[in-house]
Amino acid sequence: MKRIYEDMAYGDRPIQERYWPSTLDTAPPEYPELDSEQRCEFAVIGGGYTGLSAALTLAAEGADVVLLDANVPGWGASGRNGGLVSVGSAKLEDEDVIRKYGASDARVFFDAERASVDLVKEYLAEFDLDVDRHSKGYTFVAHKPGAVAAVKDYGAEYTKRYDLPFEFVPKEEMAAHGLNSPDFHGAVHLPIGFALNPMKFVFGLYRAAQRRGVRIFSKTPVTQIEQSGGYVLHTPKGRVRAKKLLVGTNGYSSDDMPGALSGRYLPVQSNILVSRPLTEDEIQTQGWWSRQMLVDSRTLLHYFRLLPDNRMLLGLRGSVRVTEQNMAATRAIARVDFDRMFPEWHHVETPYFWSGLICMTRNLVPFAGALPGMDGAFAAFGYHGGGVTMANYAGALIADMAMGKSRRPHPDLMKRAPRRFELGPFRRASLPPAFAWYRFRDAM
Ligand SMILES: Cc1cc2nc3c(=O)[nH]c(=O)nc-3n(C[C@H](O)[C@H](O)[C@H](O)COP(=O)(O)OP(=O)(O)OC[C@H]3O[C@@H](n4cnc5c(N)ncnc54)[C@H](O)[C@@H]3O)c2cc1C
């Protein structure tokens, strides 16, 4: 497989110290490795939210589906993320989406984003999933006094987009909202979204897919895709013959699986630090008791939330290489950030730290559409770190397309195959200068 990160990114090391497995009260679901030839109508590659949602949507219509994943359930981003469910799957301001794609398609995109939050809620209700939900919408905080106006503007943009009110909280009132931190200078509460336990969610989707009759195989990487009328997927010990193909490999994609993806996606690392449970005293001393999930106004943003068991989860972007040295350096940066945000917790241990790959597109909007040059093949990826929500929706969109149905908002901007990044297999080289510039801008 032609992949653009160090081998370590595609192994288990980045999730060795992941917090989510310790929250489970039942054993993870297990599926066999494929060691036979299977025939089906639809083959799905990737068992994260995208692939599972696609498989669930297909199976709900009685379709015959095989799903293959190279790893065990929950290994990918879907089992290692921060669990923030909200809108925000594009890396463009609203006005740029409107300018680039036109007001009417932008409207469909904003509707799709909102519908994606509703779809996650529907899955939770329909499959009766207990995923430790909290947070009423989300809160966007200004990381410097100069960012307060932009945070307010974001609230106003949100009101325009969804006709929903936002609440502005000035710096001097943040403590009364349980948001006491010297690092933040104002906030807006926005009403759409909530937080969940991502691993419980992905396992719940696996079990639901199995109940719907999806044939699921783990530890089964697709190593070759042959086009012969339909598709033949080759795996180390077996084969799948399918009429149609759906690909949901996102940040773990390969440039040759299939070749149509080559250069069209850019994986980027995201990292999470989790503390030990805070005592009530510690929570009161810091004055941070809010159960809101938050994102700050940095371009290299932080996402964070006080978990139901009183641990603080802090996510951050901005590391480029996946090596031991880099993991240690990023962990140290995360700890410095944690201490700056929550100075009263400088003595609190942070025993969990892990990382994974999110995915960007050159168009800076997500993709859910037909793969160029591949009849009957579809893919969805590129949620810019907002995939707990959009991956589920985009998976459902490509399942609909594969069945010839159209029944939810699906903007043209998401149907267009993303342009290829410059620098081909070396496209990751564009990240260090971009990150350096963002860091400088965030600090100014
Ligand atoms: C640390 C971190 C924090 C995040 N926090 C948030 C958050 O709070 N909110 C939010 O909305 N989003 C968040 N995200 C992003 C979100 O997790 C992803 O957008 C989403 O999970 C993508 O789902 P997916 O199914 O497309 O991909 P994944 O869950 O990554 O699944 C892709 C799967 O494809 C499989 N695969 C790849 N190649 C092959 C092959 N050749 N054969 C078979 N299988 C293959 C992989 O094994 C993998 O399981 C975060 C991501 C990370 C890494």
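Every number in this text was worked out from the coordinates using simple rules, so none of it is lab data. Since the model is a prediction, treat every value here as computed from it, not as a measurement. With ideal geometry, Cβ positions are generated from the backbone for all residues, glycine too; neighbour counts draw on all protein chains shown.
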Label-point separation (nm) for Arg291 and Thr159, each offset 7 Å from Cα along Cα-to-Cβ? 2.8 nm
Whole-Å distance linking the alpha carbon centroid of the stretch 19-49 with that of the stretch 343-394 is 19 Å
Separation of the stretch 100-158 and the stretch 175-249 by C-alpha centroid, Å? 19 Å
Give the aspartates and glutamates reachable from Lys121 as a straight Cα distance under 18 Å; neighbours fewer than 8 places away on the same chain don't count. Asp111, Glu113, Asp130, Asp132
Most fluctuating residue of Ala125, Ala27, Ala176 in a GNM of the chain with Cα springs under 10 Å: which is it? Ala27
Which cross-chain or sequence-distant (5 or more) residues have an amide H under 5 Å from the amide H of Gly263, H modelled 1.01 Å from N in plane? none
Most positive-pole-ward Cα, Ala429, Met401, Tyr383, against dipole of the stretch 362-444 from beta carbon charges: Ala429
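Using the Cα centre as the reference, give the magnitude of the dipole from point charges on the C-beta atoms of the chain (Lys, Arg: +1; Asp, Glu: -1; all else neutral), rounded to the nearest 20 debye.
Details: 53 positive and 51 negative charges, 239 e Å.
The calculated dipole for the chain is roughly 1140 debye.
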Considering only Phe109, Ala54, Ala70, whose Cα is most displaced toward the positive end of the charge dipole of the stretch 48-128, charges sitting on Cβ of Lys, Arg (+1) and Asp, Glu (-1)? Ala70
Binned Cα-Cα distances of the chain, short to long, each 20 Å bin given as a whole percent: 27, 59, 14, 0
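Considering only Cα-Cα distances, which of the following residue pairs are longer than 28 Å: Lys136/Lys200; Lys91/Lys415; Lys91/Lys144; Lys160/Lys200; Lys171/Lys200? Show your work: numbers first, answer last.
On the way: Lys136/Lys200 20 Å; Lys91/Lys415 17 Å; Lys91/Lys144 21 Å; Lys160/Lys200 34 Å; Lys171/Lys200 35 Å.
Among Lys136/Lys200; Lys91/Lys415; Lys91/Lys144; Lys160/Lys200; Lys171/Lys200, the Cα-Cα distance tops 28 Å for Lys160/Lys200; Lys171/Lys200.
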Among Trp20, Gly263, Ala147, flag the residue with its Cα farthest along the positive direction of the charge dipole of the chain, charges on Cβ as +1 for Lys/Arg and -1 for Asp/Glu. Gly263
Return the lysines within reach of Lys2: Cα separation strictly under 19 angstrom, same-chain partners fewer than 8 residues apart disregarded; answer none if there are no such residues. Lys219
Residue separation times 0.36 nm, minus the C-alpha to C-alpha distance between Met403 and Asp183: what's the value? 74.3 nm
Note to self, the chain gives a 222 nm [θ] from helices alone (DSSP H runs n ≥ 4, -39500 (n - 2.57) apiece, / all residues, nearest 500) of -9500 deg cm²/dmol
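Pick out, in residue order, every one of the GluC sites (Glu not before Pro) in the stretch 270-358 that is DSSP loop and has at most 12 other C-beta atoms within 10 Å; say none if there are none.
Values: sites: Glu280, Glu282, Glu324, Glu344, Glu349; in loops: Glu349.
Answer in residue order: Glu349.
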Could you line up Cys359, Cys40 from fewest to most neighbouring Cβ atoms inside 10 Å? Cys40, Cys359
Please get the size of the charge dipole for the stretch 350-426, origin at its Cα centre, with Cβ charges of +1 on Lys and Arg and -1 on Asp and Glu, quoted in debye to the nearest 20. 160 debye
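Is the shape of the stretch 313-393 best called rounded, prolate or oblate, per the rule: a/c under 1.5 gives rounded, else a/b larger than b/c gives prolate, else oblate, with a ≥ b ≥ c the square roots of the Cα gyration tensor eigenvalues?
Details: a/c = 3.54, a/b = 2.52, b/c = 1.40.
Prolate.
How long is the gain from Asp12 to Thr299 if the chain were fully straight, where each residue apart is worth 0.36 nm and the alpha carbon distance is subtracted? Walk me through the numbers before you get to the answer.
Values: separation 287, 0.36 × 287 = 103.32 nm, distance 2.84 nm.
Full extension from Asp12 to Thr299 adds 100.5 nm.
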